[in-house]
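Chemist: Please see the structure below; I have some questions.
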Amino acid sequence: MDLRTATPKLQTLRALMTGHTDRHEEQQILQLFEAATAAELNYLLTNVDVEALFSDVDDRLVGPDNLTALLELLCVKRAHELGLPVRGGLMFSLQKGPTPLLAERMIRALFLGLRGRELTEFKNLLDGRGNYRDLQQLVFSDVDDPAIRQDILDHIQREALTAPSGENKVLSDIDDTFICNWKDTRYPPKTVYPGVLQFYRELDRGPGVIPGREGDLTFVSARPMDPLGFIEDKTLETLRQHGVGAAVMLAGAFTHLIGNARIAEKKFDNFTRYAQLYPEYGFVFTGDSGQGDVAFGEQMLAAHPALVRAIFIHDVVATPESVRKAWRAQRIFFFDTYVGAAVEAYEVGVIARDGVARVARATQEELEKITFTSEAQRQDRREELTRDLQRAEALSAPRP
């Protein structure tokens, strides 16, 4: 691309958008985009406020429908010339605020114009923004028209059949799974469990020699979502402050806060939607034994036995060994430390053997940094870890 020609076009576009934009100026904007080369088109859309652009160009009761013409040009006719980040910028601008039927038609067009692995990459891009405006919000809330939503979901399903990812989406609860924050009294309140972040990384990395793509972590929480996404965005920011990188959150509801069965029901509803968005993936889930996660995991396995690889349950209520053994036969694995979780994950085939060693190393280092309320509490946690470290070491021992 020749910046000597692209830069003046960008300056012209910004000048046309300054102040009130009349129908003559809107026509000039349309002509500018129509005449741009593919490289110039990407350059312009990368360097202009797309949301403001869509706001400046109008459809009229009497006169030209310039907004419709602009959206069809960018989202339909020339969409195949756009890079995925530029497509994502268009989608984000369409998603913000109300989404009238015209916007929903353009959202559908942007999805249906992508195939196979490129569609998978685009969905992950939309989920990588770090706020509540994620893929599930877009398809199941912002798109109101049932027929348009079904067209998108049908396209996603068809493309998944031709391009399975071979990877797993890593789902996790938050309270008493990632951070001590509900029933667990074994750690000081608000403690991030030692080894949990490395366990997520290993699940995300996968069992193969070549690591899978990063960024497949999604939190499925009972924490409620408000209409403006404030609680969800605040929770994501808190997770980032505790070391979590890119992540998505599937939130609960105020009407499902009481009772483990209702919490599990809401989580399962969220998972059902999420599985429709990513049918090319497998799934693993990490939860705890204190708030409906066992029932949720059981529902996941019953609904999608071929896609759900394993359920890992952080035991915070001292579940008897006989009960753990019964659940283990159903691919629901209880654990006391994240080293124990890593051993189970390796044996079921969702992380690599050297991943167990990395989780073990991280867990030991992080445990020593925790300020426990008593020396007895610290010693109990060390004994739990020692037992699981012995299991991890046995994985590399020569077999008789």
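None of the figures in this text is laboratory data; all of them are computed from the coordinates on show. This one's a predicted model, so the numbers in the text were calculated from it and none came from an experiment. Cβ atoms come from the backbone with ideal geometry, glycine included; neighbour counts cover every protein chain shown.
Chemist: Please report LEU71, LEU10 as a ranked list, fewest other C-beta atoms within 10 angstrom at the top and most at the bottom.
Modeler: Sorted ascending by nearby Cβ count, the order is LEU10, LEU71.
Chemist: Scan around GLY290 for amide H atoms under 5 Å from its own, H built in the peptide plane at 1.01 Å from N, and keep only partners 5 or more places away or cross-chain.
Modeler: Here VAL316 satisfy the definition.
Chemist: Which order do the peptides 47-59, 306-318, 284-296, 12-24 come out in when sorted by mean C-beta neighbours inside 10 angstrom, highest first?
Modeler: The densest-packed peptide leads the list: 284-296, 306-318, 47-59, 12-24.
Chemist: Related question: Which is farthest toward the positive dipole end of the chain among PRO305, HIS80, VAL323, measuring Cα position about the Cα centre, with Cβ charges +1 (Lys, Arg) and -1 (Asp, Glu)?
Modeler: Final value for the positive-end residue is VAL323.
Chemist: Further, regarding this structure: I need the phi-derived Karplus couplings for the stretch 62-67: 6.51 cos²θ - 1.76 cosθ + 1.60, θ = phi - 60°, integer Hz, Gly and Pro marked x.
Modeler: Whole-Hz 3J(HN,Hα) from phi for the stretch 62-67: 10, x, x, 8, 6, 5.
Chemist: Quote to one decimal, in nm, the extra length available between ASP269 and THR319 on full extension: 0.36 nm per residue of separation minus the C-alpha distance between them.
Modeler: Going from the current span to full extension adds 15.3 nm.
Chemist: Evaluate the charge dipole of the chain about its Cα centre and quote only its size in Debye, nearest 20, assuming +1 on the Cβ of each Lys and Arg and -1 on the Cβ of each Asp and Glu.
Modeler: Once rounded to the nearest 20, the dipole reads 820 debye.
Chemist: Could I ask something else about it? How fast does the chain diffuse by Stokes-Einstein, in µm²/s, taking the Kirkwood radius from C-alpha pairs at 20 °C and 1.002 mPa s?
Modeler: Translational diffusion coefficient: 92 µm²/s.
Chemist: Between PHE219 and residues 5 or more places away or on another chain, which pairs have amide H atoms under 5 Å apart, with H built 1.01 Å from N, and which residues are they?
Modeler: Hits under the 5 Å cutoff: SER172, VAL248, MET249, LEU250.
Chemist: Another one. Using Cα-Cα distances under 8 Å and only pairs 6 or more residues apart, what relative contact order does the stretch 267-357 have, in percent?
Modeler: 24 percent
Chemist: Do the sum for the chain: with -39,500 (n - 2.57) for every DSSP H run of n ≥ 4, divided by all residues, what is the mean residue ellipticity at 222 nm, to the nearest 500 deg cm²/dmol?
Modeler: One gets -16500 deg cm²/dmol as the mean residue ellipticity at 222 nm.
Chemist: Give me the distance in nm between label points sitting 7 Å out from Cα along the Cα-to-Cβ direction at ARG240 and GLN157, one decimal.
Modeler: Taking the simple label geometry, ARG240 and GLN157 are separated by 3.6 nm.
Chemist: Extent of the stretch 1-135 along each principal axis, from alpha carbon coordinates, in Å, largest to smallest?
Modeler: Rounded to whole Å, the extents work out to 39, 39, 26 Å.
Chemist: Give me the percent relative contact order of the chain, please, defined on Cα pairs under 8 angstrom at least 6 residues apart.
Modeler: With pairs under 8 Å counted, the relative contact order is 14 percent.
Chemist: Considering only Cα-Cα distances, which of the following residue pairs are longer than 28 Å: LYS123/LYS183; LYS234/LYS369; LYS77/LYS123; LYS96/LYS190; LYS325/LYS369?
Modeler: LYS123/LYS183; LYS96/LYS190; LYS325/LYS369
Chemist: State, as an integer percentage, the relative contact order of the stretch 3-162 based on alpha-carbon contacts under 8 Å between residues 6 or more apart.
Modeler: Value for the stretch 3-162: 18 percent.
Chemist: Right, here's the next one. List the residues whose amide H sits under 5 Å from the amide H of PHE333, counting only those 5 or more places along or on another chain, with H placed 1.01 Å from N in the peptide plane.
Modeler: ILE311, PHE312, ILE313
Chemist: Taking the beta-carbon count within 10 Å as an exposure proxy, list LEU73, LEU203 from fewest neighbours to most.
Modeler: Fewest-to-most Cβ neighbours within 10 Å comes out as LEU73, LEU203.
Chemist: Ranking THR218, THR363, THR5 by Cβ neighbours within 10 Å, fewest first, what do you get?
Modeler: THR5, THR218, THR363
Chemist: Calculate the spin-label point distance for ALA394 paired with VAL209, positioning each point 7 Å from the Cα along the beta-carbon direction, and give it in nanometres.
Modeler: It works out to 2.9 nm between the two label points.
Chemist: Counting Lys +1, Arg +1, Asp -1, Glu -1, what net charge surrounds LEU101 among other residues with beta carbon under 10 Å of its beta carbon?
Modeler: Every neighbour counted, the sum reads -2.
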